[in-house]
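What follows is one structure encoded as structure tokens, with my remarks underneath.
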Amino acid sequence: MPNTRLFDRCVIRLSPTEAGEDVRQFLQGLVTQDTAAEMPLWAGLLSPQGKALFDFILWADGDDVLIDCEGTQADALVRRLSMYRLRRKIAIAIDPACGVFWKSEGSSDPRHAELGTRWLGTPADDDVDVSATYRAHRLGLGITEGVNELGSEQTLWLEANAAELNGVSFTKGCYVGQENTARMNWRQKVNRRLVVVPLAQADESRQRCVYPELNISVELRRVEDLTALVLPDWQRAALG
């Protein structure tokens, strides 16, 4: 039976090129998650102001770390990570021999138990593209990802529901954008949220993107405007 692959995802491999180099420690100072923890982990790479640039899932592969990311943003993410690498002996490149696979059954996604099973493997010519099915499933749960929905330097990480979807560690050390993220958490002050709403409840002035085929709109709304919206239980609970 052919494997069900997300054709719109890429895998970036970070590998030490000298003994003693630590890829996890390199990423620890950059991303929102504690890279010493068990992977997979959903994480973000933020601007210094705490706004999302990229979101991705981190996987362990021995001394290497694999980044499961949006395919259209893979080259830009490689460039950004390479900028931070400086003199560290770490290779950073897209790995064409690795693909991202998904099925709706199971619960291995680190963000939400109902997101299904996700794994990395070797692409094959007869793989079936389930990108559209996965997108509908994910958005049906009210979960956003990627630059089309989060924007680039448009959404603060906690506005993207990162705390509720296990995308941030508040106990690790510093990382890019940590100061503003930690301040928002400490003050319990997240004024806006990314939400997925039916088109009948859409507000075009707040819209990030729209999926007419799914009858939904992704929007950044003020918290006080969310009361009357149809929201998933996990998000409604976070709003108190």
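The values are calculated or read from the model by the stated rules, or taken from the named source; none is laboratory data. Computed from a predicted model, the values in this text were never measured in an experiment. As a convention, Cβ positions derive from the backbone with ideal geometry for all residues, glycine included, and neighbour counts pool all protein chains shown. Remember, those area values only see protein heavy atoms, side chains included, never the ligands or the DNA or RNA. Shrake-Rupley method; radii C 1.70, N 1.55, O 1.52, S 1.80 Å.
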Those residues of the stretch 67-100 that are in contact with an Asp or Glu (Cβ under 8 Å, 6 or more places away or on another chain) and under 15 Å from GLY121 (Cβ atoms) come to a total of 2
Residues of the stretch 159-187 being hydrophobic (A, V, I, L, M, F, W, C) and free of Cβ contacts under 8 Å to residues at least 40 places away in the same chain, in sequence order, are PHE170, ALA182, TRP186
Among the residues of the stretch 88-120, the number that are within 19 Å of the chain's Cα centre (by Cα) and under 14 Å from ASN3 (Cα atoms) is 11
The residue that is most open to solvent (accessible area, probe 1.4 Å), considering only those in the stretch 107-134 that are more than 22 Å from LEU41 (Cβ to Cβ) and assigned to a loop (DSSP other than H, G, I, E, B), is ASP125
Notebook entry, point to check: Could we say that GLU18 is exposed (fewer than 13 other Cβ atoms within 10 Å of the Cβ), of a type in the set (D, E, K, R) and under 23 Å from THR144 (Cβ atoms) here?
Noted result: no
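Hey, which of the strands (runs of 3 or more DSSP E) in the stretch 1-106, taking only ones fully inside, have at least 3 residues that are farther than 21 Å from GLU179 by Cα? It would help to see each step written out before you state the result.
Details: elements: 9-16, 41-46, 52-61, 64-70, 90-94, 99-103.
By residue number, 9-16, 52-61, 64-70, 90-94, 99-103.
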- Message: Looking at the structure I just gave you, is ASP95 among the charged types (D, E, K, R) and under 12 Å from ARG9 (Cα atoms)?
- Response: yes
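Look at GLY151 and say whether it is open to solvent by less than 10 Å² (accessible area, probe 1.4 Å) and either modelled with pLDDT under 95 or within 16 Å of the chain's Cα centre (by Cα) (or both).
yes
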Being farther than 25 Å from GLY140 by Cα and touching a strand residue (DSSP E or B) at 6+ places or on another chain (Cβ under 7 Å) narrows ALA76, ALA93, ALA113 down to just ALA93
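Those residues that are aliphatic (A, V, I, L, M) and under 20 Å from the mean Cα position of the chain (by Cα), I need them from the stretch 201-215; list them, please. Steps first, please.
Step one: of the stretch 201-215, the residues aliphatic (A, V, I, L, M) are 202, 210, 214.
VAL210, the sole residue that qualifies.
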Original post:
Quick check: anything in the stretch 95-105 among the basic types (Lys, Arg), modelled with pLDDT of 95 or more, closer than 23 Å to MET39 by Cβ and surrounded by 20 or more Cβ atoms within 10 Å (Cβ to Cβ)?
Top reply: no
Checked against (1) surrounded by fewer than 18 Cβ atoms within 10 Å (Cβ to Cβ); (2) assigned to a loop (DSSP other than H, G, I, E, B); (3) under 16 Å from the mean Cα position of the chain (by Cα); (4) not aromatic (Phe, Trp, Tyr), HIS137 satisfies every condition except (2)
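Is there a residue being under 28 Å from GLU21 (Cβ atoms) and either touching a residue at least 24 places away in the same chain (Cβ under 8 Å) or among the hydrophobic types (A, V, I, L, M, F, W, C) (or both) anywhere in the stretch 135-144? Spell out how you get there, then give the answer.
Keep residues of the stretch 135-144 that are under 28 Å from GLU21 (Cβ atoms), which gives none.
Checked the stretch 135-144: no residue is under 28 Å from GLU21 (Cβ atoms) and either touching a residue at least 24 places away in the same chain (Cβ under 8 Å) or among the hydrophobic types (A, V, I, L, M, F, W, C) (or both).
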